[in-house]
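Chemist: Structure provided below as structure tokens; questions to follow.
The values are calculated or read from the model by the stated rules, or taken from the named source; none is laboratory data. As the structure is a prediction and not an experimental result, all values here were calculated from the model. Virtual Cβ from ideal backbone geometry, glycine too; neighbours counted across all protein chains shown. Only protein heavy atoms, including side chains, enter the accessible area calculation; ligands, DNA and RNA are left aside. Shrake-Rupley method; radii C 1.70, N 1.55, O 1.52, S 1.80 Å.
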Amino acid sequence: MKISIVGAGNVGASIAYALCMREICDEIALVDIFGDVARAKAIDLAQSSCVFNAKTIVCGGDDFMLIEGSDIVVVTAGSPRKDGQTREDLLLKNAVVVKQTAQNIAKFAPNAVIIVVTNPLDVMVWTAHKFSGFSKNKVIGMAGELDGARCRYELALLKDKDAKELKTKIIGAHNDEMIVSASNISENLSENELAILKKETSTGGAKIVKLLGTSAYYAPAAAVVKMCEAIMGKSDEILSASVLLDDELSCGRLVRLGREGLKEILELNINESEQEQLSKSEADIRKNIKFLKENLD
């Protein structure tokens with residue numbers, strides 16, 4: 001099993017480290033336009049594996065040939081959010097990066113499943129699908145598992161409970177309009193508690209950006225690794241991921257993943273108000289995709 005990561009920044013390197021420590025795959029390739037950065041981190045990661053007697057082979061560089069034979073390619077390349085910047089501010093800039101990356105994946109790793117992490121996430125899933133030419137089931141976005149973890153963290157604080165005892169699932173867009181639904185939360189909440197949870201979950205990423213000056217990376221990396229485990233058949237757990245719903249829309253749903261990528265999309269379990277919120281955010285995603293279709297050469 002080989003997993004490649006395009007983008008050796010904070011998120012990409014954290015994914016590679018988590019993969020090494022959990023010994024999930026036999027080989028990892030780390031690719032970045034800054035080839036020496038990728039090479040240096042690959043050496044550091046390989047040495048980390050030696051500490052724990054792990055057997056993962058790690059290589060790095062700027063040549064996309066390194067991804068040949070990959071079963072999974074994770075796309076983290078692009079600019080992270082800065083304080084005061086929305087995910088949509090990154091739209092066209094990161095779409096160019098994801099387009100070029102998707103074309104290279106199609107060339108060098110045509111049998112891979114693509115996991116997109118680059119923001120704005122839902123639109124970048126469509127971009128990777130469009131320019132890789134891969135089937136819809138082979139291109140998946142990591143967002144919902146991260147948002148669900150943030151929700152569980154906030155719920156544990158709110159209810160003063162161990163997060164391991166709680167269950168939360170998030171669907172919808174990977175932005176402030178994500179759907180934090182009581183039907184997907186294991187605790188009984190008052191209207192006020194649910195409102196607090198929605199606010200704290202949807203702003204979970206922005207809080208880190210404000211404090212750190214850039215996007216989070218440990219939790220996003222963990223969420224990617226969880227998806228990799230599902231794709232490899234190590235888990236049949238229901239996950240939240242951004243998937244292609246039609247040719248002009250990708251958005252978060254509860255799904256099952258497997259070796260061919262997306263196996264199943266589960267039925268929605270949301271109320272009328274949440275459905276209206278979801279429809280609005282999906283319309284915004286469609287608008288951004290339409291913008292890219294008109295402006296991305």
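Chemist: Taking square-rooted eigenvalues a ≥ b ≥ c of the alpha carbon gyration tensor, is the stretch 35-116 rounded, prolate or oblate, where a/c under 1.5 means rounded and, failing that, a/b exceeding b/c means prolate? Could you put the intermediate results ahead of the total?
Modeler: Values: a/c = 2.35, a/b = 1.43, b/c = 1.65.
In terms of gyration-tensor shape, oblate.
Chemist: Separate question: With each run of n ≥ 4 DSSP H residues scored as -39500 (n - 2.57), what mean residue ellipticity at 222 nm is computed for the chain after dividing by its residue count and rounding to the nearest 500 deg cm²/dmol?
Modeler: Numbers: 9 runs with 135 residues, N = 297.
For the chain, the value works out to -15000 deg cm²/dmol.
Chemist: Set Lys and Arg Cβ to +1 and Asp and Glu Cβ to -1, take the dipole of the chain about its Cα centre, and tell me which of Phe34, Gly69, Thr203 lies farthest positive.
Modeler: Phe34
Chemist: Filter the chymotrypsin sites (Phe, Trp or Tyr not before Pro) in the stretch 26-100 down to the DSSP loop ones having no more than 15 other Cβ atoms within 10 Å, then list what survives. Please report the intermediate quantities before stating the final value.
Modeler: Numbers: sites: Phe34, Phe52, Phe64; in loops: Phe34, Phe52.
Passing sites in the stretch 26-100 are Phe34, Phe52.
Chemist: Taking a ≥ b ≥ c as the square roots of the eigenvalues of the Cα gyration tensor of the stretch 145-294, is the shape rounded (a/c under 1.5), prolate (a/b larger than b/c) or oblate?
Modeler: Numbers: a/c = 1.34, a/b = 1.17, b/c = 1.14.
Rounded, since a/c falls under 1.5.
Chemist: Have a look at the DSSP beta bridges in the chain and tell me what percent are antiparallel, nearest 5. Walk me through the intermediate numbers first.
Modeler: Details: 16 of 37 bridges.
Given both bridge residues lie in the chain, the antiparallel proportion sits at roughly 45 percent.
Chemist: So what is the relative contact order of the chain, in percent, for Cα pairs below 8 Å that sit 6 or more residues apart? Let's see the in-between values first.
Modeler: Details: 612 pairs, mean separation 52.3, N = 297.
Relative contact order for the chain comes out at 18 percent.
Chemist: Same structure, new question: Only Cα pairs under 8 Å and at least 6 apart count here; give the relative contact order of the stretch 1-108 as a rounded whole percent.
Modeler: Working: 184 pairs, mean separation 32.7, N = 108.
Normalised by residue count, the contact order of the stretch 1-108 is 30 percent.
Chemist: A follow-up question, please. Mind listing which trypsin sites (Lys or Arg not before Pro) in the stretch 218-266 are in a DSSP loop and have 14 or fewer other Cβ atoms within 10 Å?
Modeler: Details: sites: Lys226, Lys234, Arg253, Arg256, Arg259, Lys263; in loops: Lys234, Arg259.
Qualifying residues, ordered by number: Lys234, Arg259.
Chemist: Ignoring everything but the protein chains, give the 1.4 Å probe accessible area of Asp122 in square angstrom, nearest 10.
Modeler: Near enough 10 Å² of accessible area.
Chemist: Name the residue, out of Leu268, Leu45, Leu244, whose mean-square fluctuation peaks in a Gaussian network model built on the chain with Cα pairs under 10 Å.
Modeler: Leu268
Chemist: Within the stretch 234-293, list the GluC sites (Glu not before Pro) lying in a DSSP loop whose Cβ has at most 15 other Cβ atoms in a 10 Å radius. Please report the intermediate quantities before stating the final value.
Modeler: Working: sites: Glu237, Glu248, Glu260, Glu264, Glu267, Glu272, Glu274, Glu276, Glu282; in loops: Glu237, Glu248, Glu260, Glu267.
In loop regions of the stretch 234-293 (DSSP not H, G, I, E or B), the sparsely surrounded GluC sites (Glu not before Pro) are Glu237, Glu248, Glu260, Glu267.
Chemist: I would also like to ask the following. Which whole-number percentage describes the relative contact order of the stretch 227-297, with Cα contacts under 8 Å and a sequence gap of 6 or more? Kindly include the intermediate steps, with their values, before the conclusion.
Modeler: Details: 77 pairs, mean separation 17.6, N = 71.
Reported as a whole number, the value is 25 percent.
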